[in-house]
Amino acid sequence: MPAPYLYPAKRHKRTLAPGPFTRYQAYKPYLREEFRRQCVYCRTPDGSLRSNAFGVDHYLPQVRFGTLRTLYSNLYYCCNTCNGRKGGYYPKTVDRAAKRFIPNPCDHTMTSHVVFRADKVEALTVAGAHTVSLLMFNDDEWLKHRATTRASVRQLQEDRRVWREHLSAVRLKLTTATSTRPRLESQVARCSDKISRLNELLAGLGVA
């Protein structure tokens, strides 16, 4: 399974320390950068939806932990679908005893709990199974969306490969060009712009 549908194999160590802000929404652009524009739960890249289809998730719900409402370490970048399904979830005593909880990438090694098999999320633990069920990772809409996103990634990567080859060919011609040099330099600029745009689109889909 190519990126973006991969769970991190080690815990995420936060690199940013924004704020403090009085509104948790102000942390969204920092969380977007922190978690590389992907939902921390289902791994959907925001470029496959819209950035306004994403929001800020309180891992420990603010309805129960009001003092953590604007604590950066309790906030995650999350698609609105997962955020809505998770809601104010907090594991009950019986759930904690049975190790039923929703893992997050900072406190847990995600690949210990969930992995992608083709377009589906497969649970490896009780917590993983609980998360897959609660957040409905494998409903029809998500399966279709992942297949479409992966197809888009493949096409964009192929387009980038073609433009990179064309750029290399033009640069080679430039080494011996005289009268055609202005035209070739214009082609180099055009190729470079195309590649930059494709890189931006791929970054929005969680691909370097």
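The values are calculated or read from the model by the stated rules, or taken from the named source; none is laboratory data. Just so we're clear, the structure is a prediction, and the values are computed from it rather than from any experiment. Cβ atoms come from the backbone with ideal geometry, glycine included; neighbour counts cover every protein chain shown.
T131 versus (1) in a helix (DSSP H, G or I); (2) outside the structural domain of V56 (by TED's automatic domain parsing); (3) of a type in the set (S, T, N, Q): which is the lone unmet condition?
Checking T131 against (1) in a helix (DSSP H, G or I); (2) outside the structural domain of V56 (by TED's automatic domain parsing); (3) of a type in the set (S, T, N, Q), the one that fails is (2).
Checking the condition under 23 Å from A151 (Cα atoms) and either hydrophobic (A, V, I, L, M, F, W, C) or modelled with pLDDT under 95 (or both), which residue from R96, R50, R43, R64 passes?
So the residue among R96, R50, R43, R64 that is under 23 Å from A151 (Cα atoms) and either hydrophobic (A, V, I, L, M, F, W, C) or modelled with pLDDT under 95 (or both) is R50.
Of all residues in the stretch 151-180 being in a helix (DSSP H, G or I) and of a type in the set (V, I, T), which is nearest to G47 (Cα to Cα)? Steps first, answer last, please.
We begin by selecting, within the stretch 151-180, every residue in a helix (DSSP H, G or I); these are 151-174.
Still in the list and also of a type in the set (V, I, T): 153, 162, 170.
Working: V153: 11, V162: 22, V170: 31 Å.
Going through the qualifying residues, I end up with V153.
Going residue by residue through the stretch 96-108, is there one that turns out to be surrounded by fewer than 19 Cβ atoms within 10 Å (Cβ to Cβ), aliphatic (A, V, I, L, M), closer than 25 Å to N52 by Cα and free of Cβ contacts under 8 Å to residues at least 60 places away in the same chain?
No: zero hits.
Could you tell me which of the residues N104, N83 is touching an Asp or Glu at 6+ places or on another chain (Cβ under 7 Å), polar (S, T, N, Q) and either modelled with pLDDT of 95 or more or in a loop (DSSP other than H, G, I, E, B) (or both)?
Values: N104 fails: touching an Asp or Glu at 6+ places or on another chain (Cβ under 7 Å).
Unique residue meeting the criteria: N83.
Based on what the data block shows, is T111 closer than 20 Å to H12 by Cα and over 21 Å from the mean Cα position of the chain (by Cα)? First the steps, then the outcome.
Values: closer than 20 Å to H12 by Cα: yes; over 21 Å from the mean Cα position of the chain (by Cα): no.
When the stated conditions are applied, T111 does not pass them.
Would you point out the residue of the stretch 181-208, among those that are among the hydrophobic types (A, V, I, L, M, F, W, C) and over 27 Å from P45 (Cβ atoms), that is surrounded by the fewest Cβ atoms within 10 Å (Cβ to Cβ)?
Restricting attention to the stretch 181-208, the residues satisfying the condition of being among the hydrophobic types (A, V, I, L, M, F, W, C) are 184, 188-189, 191, 195, 198, 201-203, 205, 207-208.
Okay, now just the ones that are also over 27 Å from P45 (Cβ atoms), so 184, 188-189.
Numbers: L184: 16, V188: 16, A189: 11.
Only one residue tops the list, namely A189.
Within the stretch 30-66, how many residues turn out to be in a helix (DSSP H, G or I), over 9 Å from the mean Cα position of the chain (by Cα) and in contact (Cβ under 8 Å) with a residue 12 or more places away in the chain?
First, pick out the residues of the stretch 30-66 that are in a helix (DSSP H, G or I): 30-34, 46-48, 51-53, 66.
Still in the list and also over 9 Å from the mean Cα position of the chain (by Cα): 30-31, 33-34, 48, 51-53, 66.
Then drop every residue that is not in contact (Cβ under 8 Å) with a residue 12 or more places away in the chain, which leaves 30-31, 33-34, 48, 51, 53.
Total meeting the criteria: 7.
Which of the residues that make up the stretch 126-141 are touching a residue at least 12 places away in the same chain (Cβ under 8 Å) and over 19 Å from Y89 (Cα atoms)?
The answer is N138, and nothing else.
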